[in-house]
Amino acid sequence: MRPPRTDLPLAIALVEELPALLRRERKRRGVSLRAAAAEAGVPFGNFVRAEHGENITRANVLALLRWLTTSEVLPCGLPRRPGIRVGGGA
C-alpha cells in the first residue's frame, strides 16, 4: 500500500477554489469569457462551466490551471492558504 500523498489537501483546495480563481483572473485581465477561453485553449462552454463550478474534463482543468499560472493569481503555480503546505513533506 502506498503512503498517502501530502499534496492531496492542496489539490482539493485548488479544485474547490477554481471557479473563484478563474472569475477573479478573468476580471483582472479585463477579458470576456470567450476571450479567456481562447487564451486558455479550452472551449467557451467548458470555461463557463468551470467558472460556475460544474464538471469539466481533466484536460480542461489542466489547461485552466496552466492559464492561471501565467497570472498573478497563482504566482508559484499554487495558491497559498493557511494550513496547507506548498511543496512536499509531512
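Since every read-out is calculated from the coordinates, none of them should be taken as a lab result. Everything numeric in this text was worked out from a predicted model, so none of it was measured. Heads up, the Cβs are rebuilt from the backbone with ideal geometry, glycines too, and the neighbour counts pull from every protein chain shown.
Things worth noting here:
- Added length on full extension, which subtracts the Cα-Cα distance from 0.36 nm per residue, A59 to R34: 7.2 nm
- Low-density loop positions, GluC sites (Glu not before Pro), region 1-64 - DSSP coil, at most 15 other Cβ in 10 Å: E54
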